[in-house]
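The values are calculated or read from the model by the stated rules, or taken from the named source; none is laboratory data. Worth saying up front: this structure is predicted, and the values here are computed from it rather than measured. Here Cβ is always computed from backbone atoms with ideal geometry, including for glycine, and neighbour counts include all displayed protein chains. Note: areas computed on protein heavy atoms with side chains; ligands, DNA, RNA excluded. Shrake-Rupley method; radii C 1.70, N 1.55, O 1.52, S 1.80 Å.
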Amino acid sequence: MILEKTGLHKATALLLSGALFTIISGCSDETSEQASASDEPVKLVAATITSKNSLLAQALTAFGEEIESQSNGEIEVTVHTDGTLGNASSLYQSVISGDIDMIYSDTGWFAEQNPVFEVLGAYYLFKDREHFESVVNTEGKLSYFEDLLIENPGLKTVMYEGGLERNIISTFPINSVEDLEGQTMRSGTGSTELEWWRNLGADPTSIAFNEVYSALQTGVADGSQNSLDAMIEQRFGEVAKYIARTQHRLDLGFVVMNNERYDALSDEHKEAIERARDVVQPEYINRAFEKTEEDIAILEDDFGVSFTDLDREGFIERSRVQLNELAEKYDVQDVVDETFN
(Lines give C-alpha, C1' and ligand atoms only; values in the text may rest on other atoms or scores of the structure.)
Protein backbone atom coordinates (compact mmCIF):
# COMPACT_ATOMS: atom_id res chain seq x y z
CA MET A 1 0.00 0.00 0.00
CA ILE A 2 2.78 2.33 0.79
CA LEU A 3 4.36 1.55 -2.56
CA GLU A 4 1.03 2.27 -4.31
CA LYS A 5 0.69 5.53 -2.46
CA THR A 6 4.21 6.43 -3.40
CA GLY A 7 3.50 5.63 -7.04
CA LEU A 8 0.31 7.63 -6.91
CA HIS A 9 2.11 10.55 -5.39
CA LYS A 10 4.71 10.39 -8.16
CA ALA A 11 2.06 10.23 -10.87
CA THR A 12 0.17 13.14 -9.36
CA ALA A 13 3.36 15.13 -9.11
CA LEU A 14 4.12 14.44 -12.75
CA LEU A 15 0.64 15.52 -13.81
CA LEU A 16 0.85 18.70 -11.78
CA SER A 17 4.31 19.39 -13.13
CA GLY A 18 3.05 18.98 -16.69
CA ALA A 19 0.08 21.24 -16.08
CA LEU A 20 2.33 23.86 -14.50
CA PHE A 21 4.70 23.67 -17.47
CA THR A 22 1.77 24.14 -19.84
CA ILE A 23 0.57 27.21 -17.91
CA ILE A 24 4.05 28.73 -17.75
CA SER A 25 4.66 27.92 -21.40
CA GLY A 26 1.32 29.51 -22.32
CA CYS A 27 2.15 32.63 -20.35
CA SER A 28 5.56 32.77 -21.94
CA ASP A 29 4.02 32.54 -25.43
CA GLU A 30 1.53 35.28 -24.59
CA THR A 31 4.28 37.50 -23.19
CA SER A 32 6.34 36.85 -26.31
CA GLU A 33 3.41 37.81 -28.52
CA GLN A 34 2.86 41.02 -26.52
CA ALA A 35 6.55 41.87 -26.73
CA SER A 36 6.44 41.22 -30.46
CA ALA A 37 3.40 43.51 -30.80
CA SER A 38 5.07 46.23 -28.74
CA ASP A 39 8.09 46.06 -31.07
CA GLU A 40 5.89 47.25 -33.93
CA PRO A 41 6.50 50.99 -34.59
CA VAL A 42 3.75 53.53 -34.04
CA LYS A 43 2.80 54.78 -37.48
CA LEU A 44 1.66 58.38 -37.96
CA VAL A 45 0.39 60.07 -41.13
CA ALA A 46 1.05 63.79 -41.60
CA ALA A 47 -0.17 65.96 -44.48
CA THR A 48 -0.10 69.45 -45.95
CA ILE A 49 -1.38 71.08 -49.12
CA THR A 50 1.85 73.02 -49.58
CA SER A 51 4.40 72.10 -52.24
CA LYS A 52 7.14 69.71 -51.19
CA ASN A 53 9.65 72.39 -52.22
CA SER A 54 8.13 75.01 -49.92
CA LEU A 55 9.76 75.82 -46.59
CA LEU A 56 6.54 74.90 -44.77
CA ALA A 57 6.45 71.41 -46.25
CA GLN A 58 10.17 70.97 -45.68
CA ALA A 59 9.69 71.84 -42.01
CA LEU A 60 6.89 69.28 -41.64
CA THR A 61 9.05 66.63 -43.33
CA ALA A 62 12.00 67.47 -41.07
CA PHE A 63 9.71 67.25 -38.04
CA GLY A 64 8.62 63.74 -39.06
CA GLU A 65 12.21 62.64 -39.56
CA GLU A 66 13.27 64.11 -36.22
CA ILE A 67 10.39 62.34 -34.43
CA GLU A 68 11.64 59.06 -35.84
CA SER A 69 15.17 59.87 -34.69
CA GLN A 70 14.17 61.01 -31.20
CA SER A 71 12.02 57.90 -30.71
CA ASN A 72 14.79 55.59 -31.95
CA GLY A 73 12.54 54.44 -34.75
CA GLU A 74 9.66 53.55 -32.45
CA ILE A 75 7.52 56.14 -34.28
CA GLU A 76 7.35 56.20 -38.07
CA VAL A 77 5.94 59.33 -39.72
CA THR A 78 4.80 59.39 -43.35
CA VAL A 79 4.48 62.96 -44.66
CA HIS A 80 2.24 63.73 -47.65
CA THR A 81 2.72 67.10 -49.38
CA ASP A 82 1.19 68.91 -52.38
CA GLY A 83 -2.37 68.14 -51.27
CA THR A 84 -2.06 64.48 -52.26
CA LEU A 85 -4.44 63.49 -49.44
CA GLY A 86 -6.95 66.25 -50.15
CA ASN A 87 -7.48 70.00 -50.15
CA ALA A 88 -7.14 72.21 -47.07
CA SER A 89 -10.73 71.68 -45.99
CA SER A 90 -10.64 67.90 -46.28
CA LEU A 91 -7.29 67.67 -44.46
CA TYR A 92 -8.70 69.74 -41.61
CA GLN A 93 -11.78 67.52 -41.32
CA SER A 94 -9.63 64.39 -41.57
CA VAL A 95 -7.35 65.33 -38.68
CA ILE A 96 -10.41 66.12 -36.55
CA SER A 97 -11.95 62.73 -37.35
CA GLY A 98 -8.64 60.95 -36.84
CA ASP A 99 -8.35 59.65 -40.41
CA ILE A 100 -5.10 61.64 -40.61
CA ASP A 101 -2.92 62.01 -37.52
CA MET A 102 -1.23 65.34 -38.12
CA ILE A 103 -1.46 68.34 -40.48
CA TYR A 104 0.03 71.76 -41.05
CA SER A 105 -2.67 74.45 -40.99
CA ASP A 106 -2.91 78.20 -40.99
CA THR A 107 -5.07 79.76 -38.29
CA GLY A 108 -8.05 80.53 -40.52
CA TRP A 109 -9.51 77.01 -40.29
CA PHE A 110 -9.60 77.09 -36.51
CA ALA A 111 -12.03 80.01 -36.59
CA GLU A 112 -14.75 77.60 -37.73
CA GLN A 113 -15.05 76.24 -34.17
CA ASN A 114 -13.44 79.16 -32.33
CA PRO A 115 -14.06 82.54 -34.02
CA VAL A 116 -11.58 84.15 -31.60
CA PHE A 117 -8.84 82.76 -33.87
CA GLU A 118 -9.62 85.73 -36.11
CA VAL A 119 -7.35 87.62 -33.73
CA LEU A 120 -4.36 85.62 -34.99
CA GLY A 121 -5.22 86.68 -38.54
CA ALA A 122 -4.93 90.38 -37.73
CA TYR A 123 -2.16 92.39 -39.36
CA TYR A 124 0.88 93.58 -37.40
CA LEU A 125 0.13 90.93 -34.80
CA PHE A 126 3.91 90.73 -34.36
CA LYS A 127 6.02 93.87 -34.28
CA ASP A 128 9.16 92.26 -35.67
CA ARG A 129 11.26 89.09 -35.78
CA GLU A 130 12.34 89.33 -32.15
CA HIS A 131 8.72 89.62 -31.02
CA PHE A 132 7.65 86.71 -33.23
CA GLU A 133 10.37 84.39 -31.95
CA SER A 134 9.83 85.38 -28.33
CA VAL A 135 6.16 84.39 -28.57
CA VAL A 136 6.37 81.28 -30.73
CA ASN A 137 9.51 79.75 -29.23
CA THR A 138 8.49 80.31 -25.61
CA GLU A 139 6.33 77.48 -24.29
CA GLY A 140 3.00 78.66 -22.90
CA LYS A 141 2.86 82.03 -24.69
CA LEU A 142 0.03 80.80 -26.94
CA SER A 143 -1.52 78.44 -24.40
CA TYR A 144 -4.88 80.25 -24.52
CA PHE A 145 -5.28 79.26 -28.16
CA GLU A 146 -3.74 75.81 -27.69
CA ASP A 147 -6.27 75.01 -24.94
CA LEU A 148 -9.15 76.11 -27.17
CA LEU A 149 -8.03 73.69 -29.89
CA ILE A 150 -7.84 70.77 -27.48
CA GLU A 151 -11.35 71.51 -26.20
CA ASN A 152 -12.83 71.99 -29.66
CA PRO A 153 -12.29 70.46 -32.21
CA GLY A 154 -9.90 68.16 -30.32
CA LEU A 155 -6.50 69.09 -31.75
CA LYS A 156 -3.14 69.11 -29.98
CA THR A 157 -0.59 71.71 -31.08
CA VAL A 158 2.73 69.90 -31.51
CA MET A 159 4.78 72.50 -33.39
CA TYR A 160 4.68 76.01 -34.86
CA GLU A 161 5.88 77.11 -38.26
CA GLY A 162 6.15 80.51 -39.86
CA GLY A 163 8.21 83.66 -40.06
CA LEU A 164 7.74 84.30 -43.77
CA GLU A 165 6.81 87.96 -44.14
CA ARG A 166 4.11 89.52 -46.26
CA ASN A 167 4.53 92.78 -48.14
CA ILE A 168 2.68 94.84 -50.75
CA ILE A 169 3.56 94.53 -54.45
CA SER A 170 2.16 97.24 -56.70
CA THR A 171 2.33 98.99 -60.04
CA PHE A 172 3.08 102.31 -58.28
CA PRO A 173 5.57 103.24 -55.54
CA ILE A 174 4.36 103.29 -51.94
CA ASN A 175 6.32 105.44 -49.51
CA SER A 176 3.63 106.00 -46.89
CA VAL A 177 0.15 104.76 -46.04
CA GLU A 178 -1.32 107.87 -47.68
CA ASP A 179 -0.13 106.57 -51.07
CA LEU A 180 -2.78 103.82 -50.87
CA GLU A 181 -5.66 106.29 -50.75
CA GLY A 182 -8.24 105.29 -53.38
CA GLN A 183 -6.02 102.64 -55.00
CA THR A 184 -7.65 99.38 -56.13
CA MET A 185 -5.93 96.58 -54.25
CA ARG A 186 -6.50 92.88 -54.67
CA SER A 187 -7.92 91.08 -51.65
CA GLY A 188 -9.00 87.58 -50.81
CA THR A 189 -12.60 87.02 -49.78
CA GLY A 190 -11.94 87.12 -46.03
CA SER A 191 -13.50 89.98 -44.10
CA THR A 192 -10.29 90.59 -42.12
CA GLU A 193 -8.24 91.38 -45.24
CA LEU A 194 -10.99 93.42 -46.88
CA GLU A 195 -11.39 95.56 -43.75
CA TRP A 196 -7.63 95.95 -43.42
CA TRP A 197 -7.32 97.43 -46.89
CA ARG A 198 -10.16 99.84 -46.16
CA ASN A 199 -8.48 100.92 -42.94
CA LEU A 200 -5.41 101.76 -45.01
CA GLY A 201 -7.54 103.94 -47.31
CA ALA A 202 -7.49 101.56 -50.29
CA ASP A 203 -10.42 100.31 -52.37
CA PRO A 204 -10.19 96.48 -52.12
CA THR A 205 -11.59 94.10 -54.71
CA SER A 206 -11.82 90.32 -54.26
CA ILE A 207 -9.83 88.46 -56.90
CA ALA A 208 -8.92 84.76 -56.94
CA PHE A 209 -5.24 84.11 -56.30
CA ASN A 210 -4.72 82.44 -59.67
CA GLU A 211 -6.02 85.61 -61.37
CA VAL A 212 -3.75 88.11 -59.59
CA TYR A 213 -1.08 88.14 -62.31
CA SER A 214 -3.55 89.08 -65.05
CA ALA A 215 -5.29 91.58 -62.75
CA LEU A 216 -2.00 93.41 -62.15
CA GLN A 217 -1.12 93.15 -65.84
CA THR A 218 -4.40 94.62 -67.08
CA GLY A 219 -4.86 97.23 -64.37
CA VAL A 220 -7.88 95.55 -62.77
CA ALA A 221 -5.86 95.79 -59.55
CA ASP A 222 -3.06 98.19 -58.67
CA GLY A 223 -1.47 95.91 -56.11
CA SER A 224 -1.69 92.89 -53.85
CA GLN A 225 -0.31 91.70 -50.52
CA ASN A 226 1.57 88.40 -50.54
CA SER A 227 4.59 86.59 -49.22
CA LEU A 228 7.78 87.19 -51.16
CA ASP A 229 8.08 83.55 -52.20
CA ALA A 230 4.55 83.68 -53.65
CA MET A 231 5.51 86.79 -55.64
CA ILE A 232 8.44 84.84 -57.08
CA GLU A 233 6.53 81.63 -57.78
CA GLN A 234 3.67 83.50 -59.44
CA ARG A 235 6.07 85.90 -61.23
CA PHE A 236 4.16 88.99 -60.10
CA GLY A 237 7.38 90.98 -60.52
CA GLU A 238 6.96 90.78 -64.28
CA VAL A 239 3.89 93.02 -64.18
CA ALA A 240 4.32 95.01 -60.94
CA LYS A 241 7.66 96.66 -60.26
CA TYR A 242 7.35 98.02 -56.72
CA ILE A 243 7.35 96.30 -53.36
CA ALA A 244 6.67 98.19 -50.16
CA ARG A 245 8.34 96.25 -47.38
CA THR A 246 5.53 96.79 -44.92
CA GLN A 247 6.16 93.48 -43.12
CA HIS A 248 2.53 93.70 -42.08
CA ARG A 249 2.33 90.01 -41.42
CA LEU A 250 4.73 87.35 -40.21
CA ASP A 251 2.94 84.14 -41.09
CA LEU A 252 2.06 81.88 -38.16
CA GLY A 253 1.09 78.26 -38.80
CA PHE A 254 0.21 75.36 -36.51
CA VAL A 255 1.19 71.72 -36.79
CA VAL A 256 -1.67 69.98 -35.02
CA MET A 257 -2.38 66.37 -34.15
CA ASN A 258 -5.62 64.56 -33.40
CA ASN A 259 -5.72 64.84 -29.60
CA GLU A 260 -7.11 61.35 -28.97
CA ARG A 261 -4.30 59.91 -31.06
CA TYR A 262 -1.78 62.01 -29.14
CA ASP A 263 -3.19 60.98 -25.75
CA ALA A 264 -2.92 57.32 -26.75
CA LEU A 265 0.85 57.63 -27.13
CA SER A 266 3.16 56.58 -24.32
CA ASP A 267 4.82 59.28 -22.24
CA GLU A 268 8.14 58.37 -23.86
CA HIS A 269 6.71 58.92 -27.34
CA LYS A 270 5.14 62.24 -26.34
CA GLU A 271 8.52 63.34 -25.03
CA ALA A 272 10.13 62.30 -28.32
CA ILE A 273 7.70 64.56 -30.20
CA GLU A 274 8.48 67.44 -27.85
CA ARG A 275 12.22 66.98 -28.35
CA ALA A 276 11.71 66.89 -32.11
CA ARG A 277 9.77 70.16 -31.91
CA ASP A 278 12.55 71.79 -29.89
CA VAL A 279 15.02 70.92 -32.65
CA VAL A 280 12.99 71.63 -35.80
CA GLN A 281 10.80 74.60 -34.85
CA PRO A 282 13.51 77.23 -34.13
CA GLU A 283 15.66 75.98 -37.00
CA TYR A 284 12.96 76.40 -39.64
CA ILE A 285 11.66 79.68 -38.26
CA ASN A 286 15.22 80.97 -38.54
CA ARG A 287 15.38 79.64 -42.09
CA ALA A 288 12.20 81.55 -42.93
CA PHE A 289 13.77 84.84 -41.88
CA GLU A 290 16.95 84.02 -43.80
CA LYS A 291 14.88 83.16 -46.87
CA THR A 292 13.43 86.67 -46.85
CA GLU A 293 16.83 88.13 -47.72
CA GLU A 294 17.30 85.55 -50.47
CA ASP A 295 13.87 86.34 -51.92
CA ILE A 296 14.55 90.07 -51.90
CA ALA A 297 17.72 89.49 -53.93
CA ILE A 298 15.82 87.35 -56.47
CA LEU A 299 13.06 89.93 -56.89
CA GLU A 300 15.58 92.73 -57.37
CA ASP A 301 18.04 90.88 -59.61
CA ASP A 302 15.79 88.58 -61.64
CA PHE A 303 12.64 90.70 -61.89
CA GLY A 304 13.99 94.24 -61.61
CA VAL A 305 11.63 95.07 -58.73
CA SER A 306 12.35 98.11 -56.55
CA PHE A 307 11.82 97.96 -52.79
CA THR A 308 10.64 101.23 -51.33
CA ASP A 309 11.72 102.66 -48.02
CA LEU A 310 8.60 103.63 -46.20
CA ASP A 311 7.30 104.90 -42.90
CA ARG A 312 5.78 101.80 -41.25
CA GLU A 313 4.32 103.69 -38.31
CA GLY A 314 1.30 104.87 -40.28
CA PHE A 315 0.61 101.29 -41.42
CA ILE A 316 1.00 99.94 -37.90
CA GLU A 317 -1.26 102.56 -36.35
CA ARG A 318 -4.11 101.97 -38.81
CA SER A 319 -3.70 98.19 -38.81
CA ARG A 320 -3.71 97.77 -35.04
CA VAL A 321 -7.14 99.38 -34.84
CA GLN A 322 -8.46 96.14 -36.29
CA LEU A 323 -6.50 93.98 -33.82
CA ASN A 324 -7.90 95.89 -30.84
CA GLU A 325 -11.43 95.75 -32.25
CA LEU A 326 -11.18 91.97 -32.59
CA ALA A 327 -9.77 91.67 -29.07
CA GLU A 328 -12.72 93.64 -27.72
CA LYS A 329 -15.21 91.70 -29.85
CA TYR A 330 -14.06 88.35 -28.42
CA ASP A 331 -13.29 89.68 -24.93
CA VAL A 332 -9.61 88.73 -25.08
CA GLN A 333 -8.03 92.14 -24.61
CA ASP A 334 -5.98 90.82 -21.68
CA VAL A 335 -4.61 87.97 -23.83
CA VAL A 336 -3.74 90.36 -26.67
CA ASP A 337 -2.13 92.89 -24.33
CA GLU A 338 -0.03 90.23 -22.61
CA THR A 339 1.07 88.42 -25.77
CA PHE A 340 1.08 90.85 -28.66
CA ASN A 341 1.30 94.40 -27.27
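Tell me the Kirkwood hydrodynamic radius of the chain in angstroms, computed as one over the mean inverse distance between distinct C-alpha pairs.
Working: mean 1/r = 0.0436 Å⁻¹.
After inverting the mean inverse Cα-Cα distance, the result is 22.9 Å.
Please state the Cα pair-distance histogram of the range 96-213 with 10 angstrom bins from zero: what percent is in each bin?
Percent of Cα pairs in each bin: 10, 35, 32, 19, 4.
Using a 1.4 Å probe on the protein chains only, how many percent of the accessible area of the range 53-136 belongs to carbon and sulfur? It would help to have the intermediate numbers written out before the result.
Numbers: 1440 of 3370 Å².
So the carbon and sulfur contribution to the accessible surface is 43 percent.
May I ask what percent, to the nearest 5, of DSSP beta bridges between residues of the chain are antiparallel? Show your work: numbers first, answer last.
On the way: 22 of 38 bridges.
That works out to approximately 60 percent antiparallel.
Distances longer than 20 Å among the Cα atoms of the range 158-228: what percent of all pairs is that? Present the calculation step by step, with values, prior to reporting the outcome.
Details: 726 of 2485 pairs.
Tail fraction, whole percent: 29.
Using a Debye calculation, one point per C-alpha and no hydration shell, please list log10 I(q)/I(0) for the range 226-282 at q = 0.19, 0.20, 0.23 Å⁻¹ in order.
-0.79, -0.83, -0.96
Could you do me a favour and compute the accessible area per residue for the range 37-105, 1.4 Å probe, result in Å²? Don't skip to the answer; put the middle values down first.
On the way: 3180 Å² over 69 residues.
On a per-residue basis, the range 37-105 sits at 46 Å².
What value, in deg cm²/dmol to 500, does the helix sum -39500 (n - 2.57) over DSSP H runs of n ≥ 4 give at 222 nm once divided by the residues of the chain?
Details: 12 runs with 169 residues, N = 341.
For the chain, the value works out to -16000 deg cm²/dmol.
Within the range 109-268, what percent of beta bridges assigned by DSSP are antiparallel, to the nearest 5?
On the way: 17 of 22 bridges.
Percentage antiparallel, nearest 5: 75.
Give me the mean projected area, in nm² to one decimal, of the convex hull enclosing the Cα positions of the range 167-280. Walk me through the numbers on the way to the answer.
Numbers: hull surface 37.9 nm².
The directionally averaged projection comes out at 9.5 nm².
Over the residues of the range 242-322, compute the C-alpha Rg and express it relative to 2.2 N^0.38 Å. Display every interim value, and only then the final one.
Numbers: Rg = 19.4 Å, N = 81, 2.2 N^0.38 = 11.7 Å.
The value comes to 1.66.
Once you place label points 7 Å from the Cα toward the Cβ at Lys141 and Asn324, how far apart are they in nm?
2.3
Could you order Leu142, Leu148 by accessible surface area, starting with the largest, using a probe radius of 1.4 Å?
Working: Leu142 5, Leu148 35 Å².
From most exposed to least exposed: Leu148, Leu142.
Per residue, how much accessible area does the range 197-341 show when a 1.4 Å probe rolls over the protein heavy atoms, in square angstrom?
On the way: 6840 Å² over 145 residues.
So the range 197-341 comes to 47 Å² accessible per residue, rounded to a whole number.
Asp101: net charge of surrounding residues, Cβ under 13 Å, Lys/Arg +1, Asp/Glu -1, itself excluded? Intermediate values should be presented prior to the final figure.
Details: positive: Lys43, Lys156, Arg261; negative: Glu76, Asp99, Glu260, Asp263.
That works out to -1.
Could you sort 254-262, 90-98, 326-334 so that the peptide with the highest average Cβ count within 10 Å comes first and the rest follow in order?
Answer by packing, highest mean first, reads 254-262, 90-98, 326-334.
Please state the charge dipole magnitude for the range 70-227, taken about the Cα centre, from unit charges on C-beta atoms (+1 on K and R, -1 on D and E), reported in debye and rounded to the nearest 20.
Values: 7 positive and 25 negative charges, 47 e Å.
In debye, rounded to 20, the range 70-227 gives about 220.
With +1 on each Lys and Arg Cβ and -1 on each Asp and Glu Cβ, how big is the dipole of the chain about its Cα centre, in debye rounded to the nearest 20?
Details: 25 positive and 63 negative charges, 121 e Å.
So the magnitude is around 580 debye.
Beyond a 29 Å Cα-Cα separation, which of these cross-linked pairs lie in this structure: Lys127/Lys241; Lys43/Lys127; Lys141/Lys270? Can you show the working numbers first?
Values: Lys127/Lys241 26 Å; Lys43/Lys127 39 Å; Lys141/Lys270 20 Å.
Beyond 29 Å between Cα atoms: Lys43/Lys127.
Could you go through the range 203-213 in sequence order and give the Karplus-derived ³J(HN,Hα) for each residue, using 6.51 cos²θ - 1.76 cosθ + 1.60 with θ = phi - 60°, rounded to whole Hz, and x for Gly and Pro?
With the stated coefficients, the range 203-213 comes to 10, x, 9, 6, 9, 4, 4, 6, 10, 5, 4 Hz.
Considering only protein heavy atoms and a probe of 1.4 Å, how much of the accessible area of the range 249-341 is carbon and sulfur, as a whole percent? Provide the component values of the computation, followed by the final result.
Numbers: 1900 of 4700 Å².
Solvent-exposed carbon and sulfur of the range 249-341 make up 40 percent of the total.
Pairs of Cα atoms under 8 Å, at least six residues apart: use those to get the relative contact order of the chain, whole percent. Intermediate results must be reported in sequence, preceding the final value.
On the way: 533 pairs, mean separation 76.7, N = 341.
In percent, rounded to a whole number, it is 22.
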